[in-house]
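Q: Let me give you the structure first, and then I'll get to my questions.
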Number of protein chains: 2
Amino acid sequence: MTRYIYLNGTILPEEQAHVSPFDIGLLRGYAVFDLLRTVGGRPFLLDEHLERLHNSASQLGLRVPVSDAEIATAIGELLKLNGHAEATVRLVLTGGVSPDGMAYDPSAPTFFILTHDLHEPAPELYERGGRLVTELHHRELPKAKTTNYLTMLRNKPRTAAADALDVLYHDGSLVSETGSASFYVVSEGRIRAPHEDVLWGTVGDLVLRLAAHRFPIELGELRLDEVFAADEAFITSTTRGVLPIVEIDSRKIGDGEVGPVTRELMAIWTRHAFGEDGAKR
Amino acid sequence: MTRYIYLNGTILPEEQAHVSPFDIGLLRGYAVFDLLRTVGGRPFLLDEHLERLHNSASQLGLRVPVSDAEIATAIGELLKLNGHAEATVRLVLTGGVSPDGMAYDPSAPTFFILTHDLHEPAPELYERGGRLVTELHHRELPKAKTTNYLTMLRNKPRTAAADALDVLYHDGSLVSETGSASFYVVSEGRIRAPHEDVLWGTVGDLVLRLAAHRFPIELGELRLDEVFAADEAFITSTTRGVLPIVEIDSRKIGDGEVGPVTRELMAIWTRHAFGEDGAKR
């Protein structure tokens, strides 16, 4: 089936949707993006993802060249044309074409929207929990969702060998986030998470707000040794919701089982995102 | 005039040279490149640049899909077709097309070659010297020439406002390199430069070898305070050769004039690259 793409104002079949080899998103990695998912075939948390996209763009001195309403319309058309059961929707904004590979015109960016089939983790993973491996790394421009995933992708063979979901970034002392998700621990009943120099997580932010009346929440510095001493750990992301982490660098977190606070957050999230019966999960 | 591009084995007019919006070089910044210049219309230091490209690629688990001989032939054809007086030649290698925006096939990379008109700094700049501004930043994967220029490009308004050529990266104590060049100082007759965690500079490396019998050379840690106390400073790069730096963050280096060691290195470089009379400069 032909996949359709929105590119600079037009919806085109994939075969006709071309990016210039002179695009500065390609030549200099000067690009931001955002990724949202559908629930029941409709964009979920669209406003939040658009807000984050605008914020990422402004940190690069870029502006999304079309209105939020036009984006919403384009997403709706793509979802209809591409016929996913559930989809992820990727919004990509670059600095545009750069004939000399360095200069670019912020008033002529490249903006495109792709859709993909949604791939959620297997239900068993939510039952038994997943693994992470640590990596000494600090994301450049961490408050912006740039397209720079060099360190995460380079580590793919290592995460695969460890049967891990992702890398957990730390600076030798403090942890920040994983390659593609927000990171949290539970210690003595409190939910703790790094706050500075991490990307704002649309799911994590909402989960914490939904859970704020149930659990004390501490946002601030989180040390690696505190992570290993925590009772529970979990990640949040658009495609994974709330996912328990039971092992980091082959060391068990707590007793190595999915803990009660994480279970409750998973339930809260499932109810919120998919309805009372969690029918969609 | 139509510009021609080499893309995955074929030379095409720019209008027909398309990169997929699903390219992981675009979606995840997973790409390396190299840039060489011509002298007298012929590729200069081609072997060195190819060696660096292969080294960059291997650090991302990628391989250039064609032989060095095929690259040399393609460059020759592009230079003939594109008719530059002198050119820069850009070799770009990405992880290839990624339908889901994360997985990619290392055996099917995207490899393309672009040429640009060469723009050299004005001769006056070599006479009076240029400025830099410092920036707290450490390049990710510094021994690879990745396409990640986020920090350099974000700083363009600041460097322009300061009439500076580039940003000089430091970690709060040690300096490393500029956004697009290698960095050196001269202190008490010795040439000093950072060595670890910086990109190997094809011009800088050769200049130091040519000058090794004339000046003591110390490669190792270089502190920011040592930079400000130095007698001279200069940068080296493919398009700029040896270029004196006389001011950093509005502070004069030495007496703020181009120093004698830098002058001699400039002369050594000009003779080597352009012949006895430096006819090309």
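Since every read-out is calculated from the coordinates, none of them should be taken as a lab result. The model shown is predicted, which means the values in this text are computed figures rather than measured ones. Here Cβ is always computed from backbone atoms with ideal geometry, including for glycine, and neighbour counts include all displayed protein chains.
Q: Can you go through B:117, B:171 and tell me which one is surrounded by fewer than 15 Cβ atoms within 10 Å (Cβ to Cβ) and within 30 Å of residue B:80 (Cβ to Cβ)?
A: B:117
Q: Right, here's the next one. Would you check which residues across the range A:101-114 are surrounded by fewer than 16 Cβ atoms within 10 Å (Cβ to Cβ) and closer than 26 Å to residue A:76 by Cα and list them?
A: Once the filter is applied, which keeps residues that are surrounded by fewer than 16 Cβ atoms within 10 Å (Cβ to Cβ) and closer than 26 Å to residue A:76 by Cα, the range A:101-114 yields A:107, A:108.
Q: Let me ask something additional. Could you please let me know if residue B:67 is loosely packed, with under 14 Cβ neighbours inside 10 Å and hydroxyl-bearing (Ser, Thr, Tyr)?
A: It is true that residue B:67 is loosely packed, with under 14 Cβ neighbours inside 10 Å and hydroxyl-bearing (Ser, Thr, Tyr).
Q: State whether one or more residues within the range A:100-114 are hydroxyl-bearing (Ser, Thr, Tyr), within 30 Å of residue A:221 (Cβ to Cβ) and away from chain B (no Cβ under 11 Å).
A: No, the range A:100-114 contains no residue that is hydroxyl-bearing (Ser, Thr, Tyr), within 30 Å of residue A:221 (Cβ to Cβ) and away from chain B (no Cβ under 11 Å).
Q: Here is a follow-up. Report the residue count in the range B:160-178 for those that are within 12 Å of chain A (Cβ to nearest Cβ) and over 16 Å from the mean Cα position of the chain (by Cα).
A: 2
Q: A follow-up question, please. Between B:156, B:145, which is surrounded by fewer than 21 Cβ atoms within 10 Å (Cβ to Cβ) and either in contact with a Leu (Cβ under 9 Å, 6 or more places away or on another chain) or free of Cβ contacts under 8 Å to residues at least 40 places away in the same chain (or both)?
A: Step by step, each of B:156, B:145 is checked, and only B:156 is surrounded by fewer than 21 Cβ atoms within 10 Å (Cβ to Cβ) and either in contact with a Leu (Cβ under 9 Å, 6 or more places away or on another chain) or free of Cβ contacts under 8 Å to residues at least 40 places away in the same chain (or both).
Q: Could you run through the range A:177-188 and say how many residues are surrounded by fewer than 14 Cβ atoms within 10 Å (Cβ to Cβ) and either under 19 Å from residue A:269 (Cβ atoms) or among the aromatic types (Phe, Trp, Tyr) (or both)?
A: Of the residues in that region, 0 qualify.
Q: When you go through B:132, B:150 one by one, which is the residue that is hydrophobic (A, V, I, L, M, F, W, C), in contact with a strand residue (DSSP E or B) (Cβ under 9 Å, 6 or more places away or on another chain) and under 21 Å from residue A:147 (Cα atoms)?
A: B:150
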